[in-house]
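None of the figures in this text is laboratory data; all of them are computed from the coordinates on show. Small disclaimer: the values here were computed from a predicted structure and weren't measured. Note: ideal-geometry Cβ built from the backbone for every residue, glycine included; neighbour counts use all protein chains shown.
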Amino acid sequence: MSRPVLWIPRRVSDATLARAQRDYEVITKDTDTPGTAAEIIAMSAQADAMLPCHSELFTADVVAQLDPRLKIIANHSVGYDHCDLQALGARGIVVTNTPDVLSDATAEIAMLLMLGAARRAVEGDRLVRTGAWDSWSPSFMVGKQVTGARIGIVGMGRVGRAFATKARGFGMQIHYHNRTRLPADLEQGAVFHESLETLLPQADFLSLHCPATPETVDLLNAKTLAMLPMGAVVVNTARGALVDEAALLQALAQGHVAAAGLDCFKTEPGGNPAFAAHDNVFMLPHIGSATRATRDAMGFRALDNIDAFFAGQAPKDRLV
Ligand code: DGY
């Protein structure tokens with residue numbers, strides 16, 4: 001019996017590729033560039049399954065042009081805002097994601113960004129790297145202390161909770177806003193806020209961990225940024241869509257936001273060059289889940305979902 005054809009639009013981990021090639025007829029490219037709409041549509045006539053990333057876009061327009069051969073899209077991502085689930089569901093195409101396996105790696109990057117922003121990592125690194133470090137005094141390179149401060153977490157799903165665990169290790173007081181309050185065993189003493197409006201004034205540090213949905217686009221905007229305490233630090237490892245970047249730039253320029261740590265931007269790849277003018281913005285290129293162990297785990301989780309589908313079982317992480 002012939003094996004299903006699997007299209008993997010970019011370079012995945014060696015272990016993921018080896019397992020995929022063991023079990024499927026794999027078509028792939030050795031590239032980090034996202035598959036275009038035209039490629040996705042063309043490949044749907046050649047592949048039974050796809051293993052895309054968060055930046056291959058399955059818009060309603062693309063979905064309408066997919067060939068009926070394509071049966072399953074097993075995302076190599078926990079986020080699925082790049083997929084029009086309604087359109088895909090209506091076409092009968094199964095869609096899955098990779099929850100759980102990237103929570104710790106992403107929480108680590110959020111911690112790195114929070115610490116780096118608070119303790120002026122960009123500025124300090126440049127001083128030493130360029131040989132411009134020529135003095136020291138008690139008032140030199142003074143930043144904001146994390147230990148004992150209040151952290152506001154928006155979105156207390158798996159990544160938000162993994163971040164809260166790490167923040168507890170730093171003695172932070174955890175406040176959070178979530179659609180629903182967590183049970184006590186998951187909350188672990190964190191203070192629940194029913195609304196963003198009550199959370200924000202408590203957030204000396206704010207970390208975003210919610211998905212991008214029509215309701216959360218520009219959740220941080222001029223009005224909500226103004227609700228933060230003066231000198232707050234903002235961290236985003238979730239999605240660029242959550243932040244009105246012009247408003248954040250203005251809050252940084254005014255000093256209302258003391259610093260920001262950003263792994264996600266409205267425009268990716270590329271980011272927003274306007275942030276580069278601010279030394280108090282510590283930026284990374286969307287690498288929250290980029291550890292060897294996590295990338296293997298994401299690839300394997302996506303393949304587990306494809307395996308289940310072709311074995312006639314329900315994929316564990318089915319979204320539609
Ligand atoms: C995710 O899994 O959604 C991350 O953003 C990486 O793709």
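Before moving on, here are some points about what is shown:
- Separation between Cα centres of segment 57-117 and segment 258-290, rounded to whole Å: 21
- Positive dipole terminus of the chain, leading residue within A38, P68, V122 (C-beta point charges): V122
- Largest first, the three principal axis extents of the alpha carbons in the chain are 73, 48, 33 Å in whole numbers.
- Here segment 251-320 has an Rg and Dmax of 18.9, 57 Å, counting Cα atoms alone.
- Residue-wise HN-Hα couplings along segment 210-226, as the Karplus relation 6.51 cos²θ - 1.76 cosθ + 1.60 with θ = phi - 60° gives them from phi, are 9, x, 7, 9, x, 6, 9, 4, 6, 4, 9, 9, 4, 5, 6, 4, 5 Hz; Gly and Pro carry x.
- Here the Karplus relation 6.51 cos²θ - 1.76 cosθ + 1.60, evaluated at θ = phi - 60°, turns the backbone of segment 10-17 into coupling constants of 9, 5, 9, 5, 4, 5, 5, 5 Hz, with x for every Gly and Pro.
- Among 185-195, 236-246, 134-144, the order from most to least packed when residues are scored by Cβ within 10 Å on average: 236-246, 185-195, 134-144
- Phi angles of segment 240-250 translate, via the Karplus equation with coefficients 6.51, -1.76, 1.60 and θ = phi - 60°, into HN-Hα couplings of x, 4, 6, 10, 6, 5, 5, 5, 5, 4, 5 Hz per residue; Gly and Pro are given as x.
- Percentage, to the nearest whole number, of Cα pairs in segment 88-211 over 22 Å apart: 47
- Simple point charges give the picture: +1 on the Cβ of Lys and Arg, -1 on the Cβ of Asp and Glu, and for segment 103-283 a dipole about the Cα centre of about 240 debye.
- Entries of K29/K266; K144/K166; K223/K266; K29/K166; K266/K316 with Cα pairs more than 28 Å apart: K29/K166; K266/K316
- Centroid-to-centroid, using Cα positions, segment 162-210 and segment 128-149 are 29 Å apart.
- Percentage, to the nearest whole number, of Cα pairs in segment 215-271 over 12 Å apart: 63
- Over the chain: helical MRE at 222 nm, DSSP H runs n ≥ 4 each giving -39500 (n - 2.57), nearest 500: -9500 deg cm²/dmol
- 15 Å tail of the calculated P(r), segment 61-157, as % of Cα pairs: 75
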